[in-house]
Amino acid sequence: MLALAICLLFLSISGTMIYYGYASNVPYYRSYEVPTYSYQAQLNLWSNFHINNSILFNNASCVNASSMFSKLVEGVNLHANVNATGSSPTSYNGSYVVYEYLSTSDWTKYLGSFHGVIQNSSGQSLFFQYSPNITQYNNLTQKINQQVGISSSRFTIKLVVVANLTLHSSQGNIPVTLDKSMEVYFGSLNYTFSQDPGGNVTQTLYHQNLVKGMTGYNKMLFISGGIFALFGGVSFVYGPKAGEAMNPEAVAERTLRKLSVSGTNPPVTREVKVESARGLLKLTKTLSRTPVRFEKGYYVIDSDTAYVWYKS
């Protein structure tokens with residue numbers, strides 16, 4: 001019974017592992033991104049200096065430069081445009097707002113703002129041109145300097161440009177905001193134009209795709225289940241023999257078989273029946289007799305008495 005119980009235990013463990021090995025192959029979903037649309041939008045700022053007929057610039061009246069001698073400048077034009085391109089046909093429109101500041105190294109004054117519309121376009125579009133009144137700003141600077149007790153005549157005009165665009169493409173409408181600032185420094189010798197490096201947006205839009213797959217079977221569970229099944233088979237085949245080998249009665253019978261000699265049936269004149277092989281083996285050792293083996297069991301003779309153990 002013990003061997004059968006051990007066999008069933010091994011087989012139940014084996015079945016459980018094989019079941020979980022089969023159940024380990026489960027579906028999973030993996031997501032990956034597929035690019036659907038990419039775009040680049042850029043805000044561009046630059047300046048033109050209107051100058052008098054100077055020999056230095058071959059009598060040109062307009063020079064696109066970042067710096068110019070103040071004595072030659074008659075006026076300054078500040079420009080802005082946007083350029084937006086995409087991986088599919090793209091157009092855009094929107095609006096802009098410009099914030100204006102007047103400053104020196106000691107103070108800054110906000111002058112106000114102006115705004116406008118950026119027309120629908122599929123390429124570059126100049127959306128504003130601004131010409132600051134140099135004389136007016138110079139007079140305002142002198143007034144403020146006099147009030148605060150500063151003698152400097154240098155000043156800077158700063159424009160902060162914010163463009164709010166809507167890109168139109170095959171992927172729908174995409175809002176984009178661009179911002180950038182530019183400055184013109186009006187010094188005693190030079191007028192200098194500068195801008196910050198912002199105003200550029202690049203983005204790629206993605207679509208999420210799901211792919212279904214299977215994790216695969218856990219081979220170790222199948223291998224472990226097979227090993228336990230093998231243990232179960234071994235315990236089923238050899239378990240009873242192992243149990244028998246551990247049985248004291250069986251051990252005593254094997255010992256009697258080794259010690260005995262073959263003979264006839266015991267004499268029936270005076271027979272004493274022994275209940276177990278262990279009892280007969282103990283009696284054999286006590287009497288120092290050699291046991292006799294016959295068809296139904298074993299016996300030993302002492303004087304005229306036969307002590308007999310019958311195999312069941």
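Number of residues in segment 30-58 that are touching a strand residue (DSSP E or B) at 6+ places or on another chain (Cβ under 9 Å), under 23 Å from Val73 (Cα atoms) and aliphatic (A, V, I, L, M) equals 3. Screening segment 184-216 for residues that are in a strand (DSSP E or B) and aliphatic (A, V, I, L, M) and picking the one that is nearest to Asn64 (Cα to Cα) gives Val184. State yes or no: is Gln119 in a strand (DSSP E or B), more than 20 Å from Ser181 (Cβ to Cβ) and without any contact (Cβ under 8 Å) to a residue 40 or more places away in the chain? Spelling it out, Gln119 is indeed in a strand (DSSP E or B), more than 20 Å from Ser181 (Cβ to Cβ) and without any contact (Cβ under 8 Å) to a residue 40 or more places away in the chain. With the structure loaded, tell me whether Ala229 is assigned by TED's automatic domain parsing to the domain that holds Arg293 and at pLDDT 70 or above or whether it fails that test. It is false that Ala229 is assigned by TED's automatic domain parsing to the domain that holds Arg293 and at pLDDT 70 or above.
Every residue, every condition in (1) under 47 Å from the mean Cα position of the chain (by Cα); (2) on the phi > 0 side of the Ramachandran plot; (3) not aromatic (Phe, Trp, Tyr); (4) not assigned by TED's automatic domain parsing to the domain that holds Gln203, yes or no:
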| position | (1), (2), (3), (4) |
| --- | --- |
| Phe57 | no, no, no, no |
| Ser67 | no, no, yes, no |
| Asn81 | yes, no, yes, no |
| Pro89 | yes, no, yes, no |
| Val97 | yes, no, yes, no |
| Leu102 | no, no, yes, no |
| Asp106 | no, no, yes, no |
| Val117 | yes, no, yes, no |
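Inspection of segment 19-26 identifies at least one residue that is over 23 Å from Pro132 (Cα atoms) and buried (at least 17 other Cβ atoms within 10 Å of the Cβ). Residues satisfying the criterion are absent from segment 30-42 (criterion: within 43 Å of the chain's Cα centre (by Cα) and in a helix (DSSP H, G or I)). Within segment 122-153, if we keep just the residues that are modelled with pLDDT under 90 and not in a strand (DSSP E or B), the residue that is farthest from Phe186 (Cα to Cα) turns out to be Ser122. Filter segment 52-98 for residues that are surrounded by 17 or more Cβ atoms within 10 Å (Cβ to Cβ) and of a type in the set (Phe, Trp, Tyr) and give the result. Result: Phe57, Tyr92, Tyr96. Just checking, does segment 128-137 include any residue being surrounded by 15 or more Cβ atoms within 10 Å (Cβ to Cβ) and of a type in the set (S, T, N, Q)? No; the residues of segment 128-137 include none that is surrounded by 15 or more Cβ atoms within 10 Å (Cβ to Cβ) and of a type in the set (S, T, N, Q).
The residues on offer are Ile13, Ile51, Ile18, and the sole one that is closer than 30 Å to Tyr191 by Cβ, touching a residue at least 12 places away in the same chain (Cβ under 8 Å) and either out of contact with any His (no Cβ under 9 Å at 6 or more places or on another chain) or of a type in the set (Lys, Arg) (or both) is Ile51.
The values are calculated or read from the model by the stated rules, or taken from the named source; none is laboratory data. Small disclaimer: the values here were computed from a predicted structure and weren't measured. Virtual Cβ from ideal backbone geometry, glycine too; neighbours counted across all protein chains shown.
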